[in-house]
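A short worksheet on the structure shown next.
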Amino acid sequence: MPPITALIHTHNDVLRLGRLLETLYVCDEIILVDHGSSDGTLRIARAYAATVVPPRPGVPPTCYAGKSSSWLLCLEARESVSESLAASLLEWKTEDLPTQVTGFSVFLREETAEGWVENPKAQVRLVPKTWTRWNGSLPLNDPTSIALEGELLRFVFP
């Protein structure tokens, strides 16, 4: 069963972070890279047993992965894992992984003032520790990635 580390970058996300951390029960480890929060973000993170680390400029996000992790689930603090995506991740952890797969993508549903909007294009979010293509703290999209069932929910309002 491949271990998954959730990797989250935060800055003053106390109003959103608890909702995300509640949904990460499929992850074996939670790493929170905090960019100088002055609210209760760190208190919430520690309440969920997240490891809090400072940012290290100029290094790829994979440098934050724990020694036992082989996969990173990259998330934003304003997101949460839907029940259907959590079920897909649990199922994924029990299957044999194809060797040619380099990353897995997920669909995103975003909260707006008019309601929920589905993004029709999946985004790579689950990557091996060896991943080298990044757009800031999130993996660059890869058209060869396989989409997992379920979605990430992105909340605009706290």
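The values are calculated or read from the model by the stated rules, or taken from the named source; none is laboratory data. Nothing here was measured: the structure is a model prediction, and the numbers come from that model. Cβ coordinates were reconstructed from backbone atoms using ideal geometry, including for glycine residues, and neighbour counts include every protein chain displayed. All accessible areas refer to the heavy atoms of the entire protein, side chains included, with ligands and DNA or RNA removed. Shrake-Rupley method; radii C 1.70, N 1.55, O 1.52, S 1.80 Å.
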inquiry  = Checking residue 64 against (1) of a type in the set (Ser, Thr, Tyr); (2) surrounded by 14 or more Cβ atoms within 10 Å (Cβ to Cβ); (3) over 17 Å from residue 138 (Cβ atoms), only one condition comes out false. Which one?
reply    = (3)
ask   = Taking residue 59 and the conditions (1) open to solvent by 30 Å² or more (accessible area, probe 1.4 Å); (2) touching a residue at least 12 places away in the same chain (Cβ under 8 Å), which numbered condition does it fall short on, given that it satisfies the others?
value = (2)
remark   = Residue set 53, 14, 33; condition under 23 Å from residue 132 (Cα atoms) and touching an Asp or Glu at 6+ places or on another chain (Cβ under 8 Å); output residue 53
inquiry  = Tally up the residues in segment 137-158 that are under 20 Å from residue 10 (Cα atoms) and without any contact (Cβ under 8 Å) to a residue 60 or more places away in the chain, please.
reply    = 2
Restricting segment 109-140 to residues that are of a type outside the set (Asp, Glu) and touching a Lys or Arg at 6+ places or on another chain (Cβ under 6 Å), the residue that is least open to solvent (accessible area, probe 1.4 Å) = 140
inquiry  = Of all residues being over 25 Å from residue 95 (Cβ atoms) and in a loop (DSSP other than H, G, I, E, B) in segment 141-158, which is nearest to the chain's Cα centre (by Cα)? Just the residue, please.
reply    = 155
